[in-house]
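Just below is one structure, and these are the notes that go with it.
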Amino acid sequence: MNLKNRDFISLMNFNNEELQFIMRLSEDIKNGTDVSTVLKNKNIGLLFGVASTRTRISFQVGVQQMGGHGEYYNAHDLQLIHKESLIDTGRVMERYIDGLVVRMYDMNNYGAGRIALNLLAENTNIPVINALDDKDHPCQALGDIFTMKEKLGNDYKKKKVVVTWGYAERQKSPGVPHSLMTAGSTLGMNMVIAYPKGFDLDEEYVEFSKKQVQSSGGKLEFSNDIMEASEGADVIYVKSWKSLKKSSDEDMIMRNNVRDKWCVSQKHFERANPEAIFMNCLPIIRGQQATADVIDGKQSVIYDQAENRLHIQKAILAAIYGYK
Ligand code: CP
């Protein structure tokens, strides 16, 4: 498998074999495969325009564990703040560094984050890795599917994975559900995407995923009823996202109207399979997307998910920097 020098922006750009390769590599790395020199003498920049705990720390630590140097740049501290163009920024950066991990989005301007990432990728010769934009969170989603495989076993593709919208007061990117849906459909998984009316995902991602399941043997369904969707679930993964077609004010009214109904609780797990697991990418506020007893309960795997970000990102970096 040769993924050397590939950008890692959307999981729509990776086929079944490539996704499986990265997940296998992640498992090997977690089990001790030595990648401690893969990034020797390499400098990886982390350009973040939006706050991050997990992604920032796991990338910095992961790069260091692979023998490289990871350096964090707050976009607001760079000359970008004085309107230096992204193209000039990228073309200068590539004279110093060997790869760029980027987080940029503004949910009041859907699509602008992806335009920024594409500008950097198209105008530089270094790999660009998406650390969450307004359309995808590929590192999170692949790490999450790796976690599902660990928890559900090798027949994880047959298990029912419910990715449900949950109330949060913050208006978040739909990157996680987009990336989970596209990767899940490419891998042939069985997924239900549940959300209140008005919170439909991007049609481009939905159409791509519907086509993928036709050839992968997977299953993809949509529901506007979280209780019905929870029936027989093996995974309930809650994630909030901003409505793509409504203004911020309209979205706030819509989400406040459905707040009580779209909070994952034990009543949803009573409908699910007895061994069902609870997932969320974090951060999460207890009592919003899910109740505290679910988030902190025995079915919750949220901290394993967070740990697996480190392993999957090391696998992504290893693949991009030539480990075979
Ligand atoms: N899940 C996730 O991406 O977390 P951070 O926003 O803290 O990086």
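Every read-out reported here was derived from the displayed coordinates using simple, explicitly stated rules and does not represent laboratory data. Remember, predicted model here, so these are calculated numbers, not experimental data. Cβ: placed from backbone, ideal geometry, glycine included. Neighbour counts: every protein chain shown.
Scalar couplings 3J(HN,Hα) for segment 201-212, obtained by applying the Karplus form with A = 6.51, B = -1.76, C = 1.60 to θ = phi - 60°, are 7, 4, 4, 4, 6, 5, 5, 4, 5, 4, 5, 4 Hz; x denotes Gly and Pro. Between V35 and any residue 5 or more places off or on another chain, the built amide H atoms are never under 5 Å apart. May I ask for the distance between the Cα centers of segment 258-324 and segment 178-246, given as a whole number of Å? With segment 258-324 and segment 178-246 each reduced to a Cα centre, they are spaced 16 Å. Annotation: the residues T37, T164, sorted from fewest to most other C-beta atoms within 10 Å of their own C-beta, follow the order T37, T164. Dividing the convex hull volume of the alpha-carbon atoms in segment 50-209 by its residue count gives 145 Å³ per residue.
Distance from the alpha carbon centroid of segment 126-162 to that of segment 36-101 works out to 22 angstrom.
Evaluated with a Cβ-only charge set (Lys, Arg +1; Asp, Glu -1), the chain carries a dipole of roughly 300 debye about its Cα centre, given to the nearest 20. The percentage of C-alpha pairs in the chain whose separation is greater than 29 Å is 35%. With respect to the chain, whose longest principal axis is taken over its alpha-carbon atoms, helix 138-152 is tilted by about 50°. Comparing R114, R91, R103, which has the greatest mean-square fluctuation in the GNM of the chain with Cα pairs linked when under 10 Å apart? In the Gaussian network model the winner is R91. Computed over the chain, the per-residue total of -39500 (n - 2.57) for DSSP H runs of n ≥ 4 gives a 222 nm mean residue ellipticity of -12500 deg cm²/dmol, rounded to 500.
For the residue pairs K172/K239; K160/K210; K42/K83; K158/K219; K4/K324; K42/K314, the C-alpha atoms sit more than 20 angstrom apart in K42/K83. Just so you know, the Cα atoms of segment 138-305 work out to an Rg and Dmax of 14.6, 44 Å.
From the P(r) of segment 260-324, can you give the percent of Cα pairs sitting at distances over 20 Å?
In whole percent, the share of Cα-Cα pairs in segment 260-324 beyond 20 Å is 41.
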